[in-house]
Amino acid sequence: MSFAPYERPVRAAFVGLGRIYDLNVLAYRDNPDVEVVALVDPDPDRREERGREWPDVPTFPTAAELVASGLEIDAVEALLPTPLHTDGVVEMLDAGWHGTLPEPMWADPVRARRMLDAAKSNDRVLRVMENYVFYEPLVKLKEIVHSGAIGDVAGYHMKMVGSGRGGWEVPASSYEWQFQHMQDGRGILVFDDGWHKFATALWLFGPVREVRAWVGTTEIIPGFALDAPSTVMWEHANGIRGVWDITLAVDMYLRSDYYTNDERWEVTGRKGFARVNRCTGRGIQQPSLEVYVDGEMRSFHALDDDWASSFRDSGRHWLRWLRTGTGPMWWSGEEAEDILRLVLAAYASSGAGGIGVDPSSLS
Ligand SMILES: NC(=O)c1ccc[n+]([C@@H]2O[C@H](COP(=O)([O-])OP(=O)(O)OC[C@H]3O[C@@H](n4cnc5c(N)ncnc54)[C@H](O)[C@@H]3O)[C@@H](O)[C@H]2O)c1
């Protein structure tokens, strides 16, 4: 890939102006690295609503019409429903645009490979955007753990409780494609949210050599089930073990400005532990990061623990990357394949009764 950094602001288009646009757009506001030049969505109400912020920016119902307009675009922020990722991303790469798409990349390695091949043949960059690794409490946790402050790592634990009450409005149309995705056996908790959790695992402790999982199901309303209770365990190549437990608390109210996920990360060292108490929601009201060593607890009161800020910083990182071409992309398309294999290893393990599966054995 012969990428040349841009010596001027990147000309960017949004394709998909739905729920998550509200957070991804934060990176584009007041950012000298970028100029928003087009907005695309088949829904006229979305175009009208989002277009109000960018009154001089043309809007298009389809990416094909944007291509036909001849408008010059450098990079696309593709916020498409997940089932449209493959075709939508290939279309953009074929148009000669770099692209970033949100997780999950896609549910099977063959379609993921189609996107990577399209990036390669068009000599364009494909990024799979991850926001969790830009969440300041997690960034600080990683720094503390790797500083040796809690001693050698003995293991770690992630927790996720999906609650049914609270948070922001999610349009019914978003649930329609998520439901379709679930019908394909890729649940919103283990696959979709799991993508983020596994991304943090790789980011914290590197490659994983074995995954074991038990994916459950709970019917919420007749004909509609969610993929919990579920438990996933894994061992990194360096011997560190991690566990992620997912539970549903359907009737629990959770204070949140976004989705109602109550999340925790806790790394245990030989001398103490470091724990992030929340992320998407505002469940535990203690400081978002606490570190315990030798009988003393240290609390971090001044971290930017608004989940939205992790989207802003991840997007800014991408736009800066396009201006410099250096440093990790978090994540490149190829690195995202490793996350995909990790999630798929969890399904393969669960389907085979919880046996250990080496993610690299999945092609
Ligand atoms: N990082 C995270 O934590 C996070 C959170 C939520 C969603 N996501 C991901 O973001 C993506 C979008 O999710 P969402 O919640 O915004 O969905 P959404 O359903 O709210 O929005 C999707 C938008 O895409 C538009 N659209 C449909 N077909 C299109 C096409 N062919 N071309 C252009 N636009 C089209 C729809 O009209 C809609 O406005 C999904 O892949 C989802 O997994 C990531």
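The values are calculated or read from the model by the stated rules, or taken from the named source; none is laboratory data. If you're wondering where the values come from, they're calculated on a predicted model, not measured in any experiment. Cβ sites come from the backbone with ideal geometry, for glycine too, and all protein chains shown count toward neighbours.
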Which numbered condition residue 242 misses (of (1) over 20 Å from residue 283 (Cβ atoms); (2) free of Cβ contacts under 8 Å to residues at least 60 places away in the same chain; (3) not in a loop (DSSP other than H, G, I, E, B)): (2)
Failed condition for residue 180, given (1) more than 16 Å from the ligand (Cβ to nearest atom); (2) assigned to a helix (DSSP H, G or I): (1)
Single residue of the stretch 184-207 satisfying the filter (over 18 Å from residue 157 (Cβ atoms) and in contact with a strand residue (DSSP E or B) (Cβ under 7 Å, 6 or more places away or on another chain)) that is farthest from the ligand (Cβ to nearest atom): 207
Filter result for residue 118 (within 15 Å of the ligand (Cβ to nearest atom), at pLDDT 95 or above and either among the hydroxyl-bearing types (Ser, Thr, Tyr) or not assigned by TED's automatic domain parsing to the domain that holds residue 238 (or both)): no
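From 67, 37, 89, 57, grab the single residue that is assigned to a strand (DSSP E or B), more than 10 Å from the ligand (Cβ to nearest atom), without any contact (Cβ under 8 Å) to a residue 40 or more places away in the chain and not small (Gly, Ala, Ser). Break it down into steps so the answer makes sense when it comes.
Details: 67 fails: assigned to a strand (DSSP E or B); 89 fails: assigned to a strand (DSSP E or B); 57 fails: assigned to a strand (DSSP E or B).
Going through 67, 37, 89, 57 in turn, just one is assigned to a strand (DSSP E or B), more than 10 Å from the ligand (Cβ to nearest atom), without any contact (Cβ under 8 Å) to a residue 40 or more places away in the chain and not small (Gly, Ala, Ser): 37.
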Long-range neighbours under 8 Å by Cβ, at least six apart or interchain, first residue in contact (Cβ under 8 Å) with a residue 60 or more places away in the chain within the stretch 12-31, second in a strand (DSSP E or B) and surrounded by fewer than 18 Cβ atoms within 10 Å (Cβ to Cβ): 12/35
Some residue of the stretch 280-294 being under 15 Å from the mean Cα position of the chain (by Cα) and either at pLDDT below 95 or under 30 Å from residue 3 (Cβ atoms) (or both): no
Residue within the stretch 61-72 that is within 22 Å of residue 310 (Cβ to Cβ) and not aromatic (Phe, Trp, Tyr) present: no
Close pairs (6 angstrom Cβ cut-off, 6 or more residues apart or separate chains): closer than 24 Å to residue 255 by Cβ in the stretch 286-303, in a loop (DSSP other than H, G, I, E, B) and of a type in the set (D, E, K, R) anywhere: 288/278; 288/305
Members of the stretch 1-24 found to be basic (Lys, Arg) and within 8 Å of the ligand (Cβ to nearest atom), listed by number: 19
Failed criterion for residue 109 (all others in (1) more than 13 Å from the ligand (Cβ to nearest atom); (2) more than 18 Å from residue 37 (Cβ to Cβ); (3) without any contact (Cβ under 8 Å) to a residue 40 or more places away in the chain; (4) not hydroxyl-bearing (Ser, Thr, Tyr) hold): (3)
The stretch 97-119 - residue that is assigned to a loop (DSSP other than H, G, I, E, B) and over 14 Å from residue 77 (Cα atoms) and, of those, nearest to the chain's Cα centre (by Cα): 104
Among (1) within 28 Å of residue 353 (Cβ to Cβ); (2) in a strand (DSSP E or B); (3) in contact (Cβ under 8 Å) with a residue 40 or more places away in the chain, the one test that residue 219 misses: (3)
Per-region count, the stretch 143-165, residues more than 16 Å from the ligand (Cβ to nearest atom) and either touching a helix residue (DSSP H, G or I) at 6+ places or on another chain (Cβ under 6 Å) or assigned to a loop (DSSP other than H, G, I, E, B) (or both): 5
